[in-house]
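For reference, the structure discussed in these notes is given below.
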Amino acid sequence: MTAGLRDARRADYERNKLHKRLLRLTGQAIGDYRMIGEGDRVMVCLSGGKDSYALLDLLLTLRERAPVDFEIIAVNLDQKQPGFPADVLPRYLDGIGVPYRIETQDTYSIVTRVIEPGRTMCSLCSRLRRGILYRLADELGATRIALGHHRDDILETFLLNLFHGGKLKSMPPKLVSDDGRHMVVRPLAYVEERDLEAYAQWRQFPIIPCNLCGSQPNLQRQEMKKMLRDWERRHPGRVDNAFAALSRVVPTHLMDRGLFDFGALETGETPPGEPELGFDPDPALRAVAPDTVTTPIPIRPIRREQP
């Protein structure tokens, strides 16, 4: 076997692994959060970026294998950004046989007129897009609005809210609009961005760059992205643990009185939530010598001697 043939087989093997992993994680997220059900009409929001292309591609494959029947329609919002290649997405969607709707709304002029130079445009741009997409969902009879946000997006949003908003808040995998009429889902919630980058390169999606978000060098989200990648490089597993923490919340061990009634806590009752291991006996010691474990011994702070 020649070196070229071995390399080709190795590349095919890695691509097959990547595809299976993406399908598994996307299907798992859909199942865990019941994102799509029988008879749903899923409106896939296609921006022309790698994430939304991958979302559409993976949902098309999962639809063929899913135990439930659902429809897919792709939607693109042409925001009239200068130089936007309006022919790319229609040509791609016609080629794969997916029904679609291209909506043209000049939000670009609104955003650039309202936002001062040097300021980030994401908040206003997002609000404008959201309203248009909700309207399109009504017009198309869509029961689900599928967005291409992935695991890194969710973590970045969590850190942005933590550092700049003073909130423990992120992008939920599934949410209902404020008026209760629309269901938004994020099937790529478990998928890493680096896998989507590799998938887009393999599939050769006709990527359309964004001239708004991607061209803002002062975007705080880019700083969060750099920090996460630095963590993964220096401390493998840290990002995985951070993401896992988003689904392992313990309200009794935080400080939000709206989530837990700390004022109602009394002694003599079994406390709810996880045990406070700093004060509870070691479960391993209780197992081997139950008679020796009576009263928990509190951990006292170390007293520092004065010089």
(request) Find the accessible area per residue for region 63-161; the probe is 1.4 Å, ligands and nucleic acids are left out, and the unit is Å². (result) 51 Å²
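Restrict the search to region 164-213; then list the chymotrypsin sites (Phe, Trp or Tyr not before Pro) that DSSP places in a loop and that have at most 10 other Cβ atoms within 10 Å of their Cβ.
Numbers: sites: Y190, Y199, W202; in loops: Y190.
Listed in order of number, the matching sites amount to none.
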(request) Starting from the Cα of K50, draw a straight line to each of the aspartates and glutamates and keep only those under 15 Å, dropping any in the same chain fewer than 8 residues away. (result) D152, D153, E192, E193, D195, E197
(message) I'd like the trypsin sites (Lys or Arg not before Pro) in region 1-85 restricted to DSSP loop residues with at most 14 other Cβ atoms within 10 Å, sorted by number.
(response) R34, K80
(request) Scan around D78 for amide H atoms under 5 Å from its own, H built in the peptide plane at 1.01 Å from N, and keep only partners 5 or more places away or cross-chain. (result) E103, T104, Q105
(request) Place a +1 charge on the Cβ of each Lys and Arg in region 9-68 and a -1 charge on the Cβ of each Asp and Glu, then give the dipole magnitude about the Cα centre in debye, rounded to the nearest 20. (result) 340 debye
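Which shape class, rounded, prolate or oblate, goes with region 64-220 when its Cα gyration tensor gives a ≥ b ≥ c as root eigenvalues, a/c under 1.5 marks rounded, and past that a/b bigger than b/c marks prolate?
rounded
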(request) Sort region 1-95 into rounded, prolate or oblate with this rule: let a ≥ b ≥ c be the square roots of the eigenvalues of the Cα gyration tensor; rounded if a/c is under 1.5, and if a/c is not under 1.5, prolate when a/b is larger than b/c, oblate otherwise. (result) oblate
(request) Taking the dipole about the Cα centre of region 1-159, with the C-beta of Lys and Arg at +1 and of Asp and Glu at -1, give me whichever of A74, Y100, G4 is farthest to the positive side. (result) G4
(request) Pop out the carbon and sulfur fraction of the accessible area of region 134-275 as a percent, whole number, probe 1.4 Å. (result) 52 percent
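The values are calculated or read from the model by the stated rules, or taken from the named source; none is laboratory data. This is a predicted model, so every value here is computed, not measured. Virtual Cβ from ideal backbone geometry, glycine too; neighbours counted across all protein chains shown. What goes into the accessible areas is simple: the full protein's heavy atoms, side chains included, and nothing from ligands, DNA or RNA. Shrake-Rupley method; radii C 1.70, N 1.55, O 1.52, S 1.80 Å.
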